[in-house]
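Here is the structure we will look at.
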Amino acid sequence: MNFRAVYKLINKQSAKALEKAGGSLSAGANVQQWTYGGQSWQKWKITYVSNECYKLTNNNSNLALDVSDGSLAAGANMQQWSDTGADPQLWKIEYDSPLMYLPSNAC
């Protein structure tokens, strides 16, 4: 994986891209899936942190992908938030060739 690159993250089942809703630049903006259109808010930087954990940062807002309120519940909302380095912003990335997916559990 090239950590200087910017990635589009496409869901294997829906073929929709991970994006922040409406291209918002605000912390707390919802993250959703949407048809990929090449927009900057549909692109993510992936940064290795440690112990197989990664941080995903939106290319447009430079805010981190975050589990809202640090929830452990299935179906918890995702949002973008200032980088805190906390567990709700750390992700394991597993490869399921040819598409990459993000499991719902943080590191």
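If the condition is being surrounded by fewer than 19 Cβ atoms within 10 Å (Cβ to Cβ) and either over 19 Å from A15 (Cβ atoms) or in contact with a helix residue (DSSP H, G or I) (Cβ under 9 Å, 6 or more places away or on another chain) (or both), then region 25-34 contributes L25, S26, A27, G28, N30, Q32, W34. When region 38-61 is examined, which residues are found to be in a loop (DSSP other than H, G, I, E, B) and closer than 11 Å to W81 by Cβ? Once the filter is applied, which keeps residues that are in a loop (DSSP other than H, G, I, E, B) and closer than 11 Å to W81 by Cβ, region 38-61 yields only S61.
The single residue among A106, A86 that is surrounded by 12 or more Cβ atoms within 10 Å (Cβ to Cβ), at pLDDT 95 or above and under 19 Å from G28 (Cα atoms) turns out to be A86.
The values are calculated or read from the model by the stated rules, or taken from the named source; none is laboratory data. Everything quoted here is computed from the prediction, not taken from an experiment. All Cβ positions, even for glycine, are placed from backbone atoms using ideal geometry, and neighbour counts span all protein chains on display.
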